Amino acid sequence: MRIRPNRTVLEGEVLGIRRSRDGFGADVTLRVDANLGGGKDDDMTGAKAGDKLTIFAAVPEALSKGQRYRIEASVLGGPQGERIVVAKAAAID
């Protein structure tokens with residue numbers, strides 16, 4: 001069986017960070033400025049410029065509200081549904 005790749009690179013501004021109830025990680029609201037995946041087969045989010053996404057960050061301390069980032073993310077699924085998860089984040093000047 002062949003599995004579709006699952007990697008998306010997004011650029012955007014962090015609009016908000018809401019810590020998880022259990023204290024691990026946070027849900028981050030990202031306003032997408034650009035989807036560098038551009039509709040390629042490995043882009044599982046389908047995000048477009050202007051979209052607001054909620055993404056999960058295991059280390060929310062690495063992100064700041066109001067800052068723009070280039071974020072490499074993947075979509076993970078499970079019995080409770082799916083969510084977009086940050087793999088890497090780099091601040092953009």
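The C-beta contact set for the range 70-84 (first residue more than 14 Å from MET44 (Cβ to Cβ), second residue assigned to a strand (DSSP E or B) and modelled with pLDDT of 80 or more, distance under 8 angstrom, 6+ apart or interchain) comprises ARG70/VAL9; ARG70/LEU10; ARG70/GLU11; ARG70/ALA89; ARG70/ALA90; ARG70/ILE92. Count of the range 57-71 residues, restricted to those that are farther than 14 Å from ASP27 by Cβ and assigned to a helix (DSSP H, G or I), is 2. For the range 78-90, a tally of residues being in contact with a Lys or Arg (Cβ under 8 Å, 6 or more places away or on another chain) and either loosely packed, with under 12 Cβ neighbours inside 10 Å or of a type in the set (Ser, Thr, Tyr) (or both) returns 1.
Each row is one residue, and each column tells you yes or no for (1) at pLDDT below 95; (2) not in a loop (DSSP other than H, G, I, E, B).
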residue	(1), (2)
VAL9	yes, yes
PHE24	yes, no
THR29	no, yes
LYS40	yes, no
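The values are calculated or read from the model by the stated rules, or taken from the named source; none is laboratory data. These numbers come from a predicted model, not from an experiment. Virtual Cβ from ideal backbone geometry, glycine too; neighbours counted across all protein chains shown.
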